[in-house]
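Asker: Quick one: structure below, then a few questions.
The values are calculated or read from the model by the stated rules, or taken from the named source; none is laboratory data. Note that the structure is a prediction, hence the values are computed from the model and not measured. Neighbour counts are summed over all protein chains in view; Cβ atoms, including those assigned to glycine, are modelled from backbone coordinates with ideal geometry. For the accessible areas, the whole protein counts, side chains as well, though only heavy atoms, and no ligand, DNA or RNA atoms are used. Shrake-Rupley method; radii C 1.70, N 1.55, O 1.52, S 1.80 Å.
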Amino acid sequence: MKISEIIALGLWPESKKITSQKGIEELEQLGYNLFYIGKNADLYTCPGDDAKVLLVRSDRCSVFDIPLNLEIEGKGVSQTAISNNGAKFAKKLGVRTAILDETVDQNLSVAPRCQLMELCKALEAQIDGEVVQFELIFRNYLTGSLFEATQKGQDPYGLNLSSDLKEWSKFETPLFTPTTKGVKDIPLNSQKVRDTFPEIISSLEKLFSEFTKFAQDNGIIVVDTKLEVFVNSKGEWILGDEILTPESSRFISKEDFEKQNYISMDKQILRDFGKASNWKEQAKELKPGQKLDVIVPQEIKDKILSGYTTILKRLS
């Protein structure tokens with residue numbers, strides 16, 4: 001299916017930039033055509049008339065929504081395997097995902113980075129008079145931006161949390177803290193979003209709770225996760241490609257957590273390095289399409305890849 005047909009179906013926004021660059025040669029020769037280059041992954045149209053696309057994960061890195069001139073060899077392969085595991089876990093609980101069971105030819109060198117995806121568009125609804133897209137976040141522990149808000153006496157999600165709660169307090173049941181999806185993640189009233197999508201939120205709460213238990217039994221603490229919901233060509237809601245992965249969740253090894261060493265097994269170490277190196281300020285000078293040139297110690301790259309490898313090993 002050509003990109004023009006995908007746009008005509010309303011499954012790709014006309015405003016979103018597409019590329020005319022050629023993609024990976026072995027894919028292009030088979031009729032897969034590159035049409036979008038993301039920060040960390042690329043999208044290809046597929047041969048035939050089916051409403052699907054091919055996602056190919058690269059080893060590229062980004063933090064704070066800043067594209068970096070940085071690759072970590074092997075990261076894309078690990079991410080793809082973890083994402084596939086998350087999709088299988090969701091499927092067992094009856095939660096549909098955009099990731100198809102169909103695969104590309106496994107003899108292709110790029111196959112371990114590939115996922116065939118059902119075409120879909122972001123879920124939208126009107127909240128407080130404005131049409132928004134959503135990031136549906138579930139939390140097991142009080143930390144990060146939510147902890148900072150409670151300390152200031154703020155209640156961005158309408159949850160009435162006490163300012164006396166200590167950081168890393170565990171909630172009896174997961175907290176639902178939705179935000180808008182976009183350049184700025186604006187907090188939304190939790191109950192309003194729940195009332196708008198009762199069946200979706202209930203299903204995802206169950207998924208998050210079941211996965212939390214499974215992960216803990218296998219040596220990983222799930223701090224929180226972000227789930228993005230889309231709508232397919234049949235009007236059914238489905239999850240996207242980042243399902244219970246370190247790209248969308250904070251995972252901490254059980255042994256580190258018990259030692260109160262709260263370093264998550266993802267890009268957190270890279271974010272911390274980027275914060276100390278003032279990357280956000282440097283990125284203000286970037287022009288559209290440019291990447292920020294950074295120098296990252298090999299030790300940090302190795303720790304990130306080691307975290308992904310541990311997650312994959314324990315949760316497979």
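Yes/no per residue for (1) open to solvent by 10 Å² or more (accessible area, probe 1.4 Å); (2) in contact (Cβ under 8 Å) with a residue 12 or more places away in the chain; (3) of a type in the set (S, T, Y):
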| site | (1), (2), (3) |
| --- | --- |
| Y44 | no, yes, yes |
| S62 | no, yes, yes |
| P67 | yes, yes, no |
| S78 | yes, yes, yes |
| L93 | yes, yes, no |
| D101 | yes, no, no |
| M117 | yes, yes, no |
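Asker: Still on this structure, please answer the following. Can we say Q154 is open to solvent by 60 Å² or more (accessible area, probe 1.4 Å), closer than 28 Å to F257 by Cβ and assigned to a loop (DSSP other than H, G, I, E, B)?
Answerer: Judged against the criteria, Q154 is a match.
Residues checked against (1) in contact with a Phe, Trp or Tyr (Cβ under 6 Å, 6 or more places away or on another chain); (2) touching a residue at least 12 places away in the same chain (Cβ under 8 Å); (3) of a type outside the set (G, A, S); (4) open to solvent by less than 10 Å² (accessible area, probe 1.4 Å):
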site: F214; (1), (2), (3), (4): no, yes, yes, no
site: V223; (1), (2), (3), (4): yes, yes, yes, yes
site: K226; (1), (2), (3), (4): no, yes, yes, no
site: L239; (1), (2), (3), (4): no, yes, yes, yes
site: E242; (1), (2), (3), (4): no, yes, yes, no
site: S249; (1), (2), (3), (4): no, yes, no, yes
site: I269; (1), (2), (3), (4): no, yes, yes, no
site: K280; (1), (2), (3), (4): yes, yes, yes, no
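Asker: Filter the stretch 31-70 down to residues that are outside any strand (DSSP E or B) and touching a helix residue (DSSP H, G or I) at 6+ places or on another chain (Cβ under 7 Å) and give me whichever is modelled with the lowest pLDDT.
Answerer: The extreme case among them is F64.
Asker: Can you find even one residue in the stretch 59-69 that is touching a Lys or Arg at 6+ places or on another chain (Cβ under 7 Å) and at positive phi?
Answerer: The answer is yes, given that some residue of the stretch 59-69 is touching a Lys or Arg at 6+ places or on another chain (Cβ under 7 Å) and at positive phi.
Asker: Report yes if Q79 is of a type in the set (S, T, N, Q), within 30 Å of G235 (Cα to Cα) and assigned to a helix (DSSP H, G or I), otherwise no.
Answerer: Taking the combined requirement at face value, the residue satisfies it.
Asker: Give the number of residues within the stretch 160-199 that are touching a residue at least 40 places away in the same chain (Cβ under 8 Å) and assigned to a helix (DSSP H, G or I).
Answerer: So the count comes out to 3.
Asker: Looking at the stretch 257-316, which of its residues are among the basic types (K, R), part of a loop (DSSP other than H, G, I, E, B) and within 29 Å of L244 (Cβ to Cβ)?
Answerer: Of everything in the stretch 257-316, those that are among the basic types (K, R), part of a loop (DSSP other than H, G, I, E, B) and within 29 Å of L244 (Cβ to Cβ) turn out to be K259, K267, K291.
Asker: Going through the stretch 233-256 one residue at a time, which ones are charged (D, E, K, R) and part of a loop (DSSP other than H, G, I, E, B)?
Answerer: K234, E236, D241, E242, E247
Asker: Another one. Please find, within the stretch 157-178, the residue that is nearest to D224 (Cα to Cα) out of those that are open to solvent by 70 Å² or more (accessible area, probe 1.4 Å) and out of contact with any strand residue (DSSP E or B) (no Cβ under 8 Å at 6 or more places or on another chain).
Answerer: This residue is T173.
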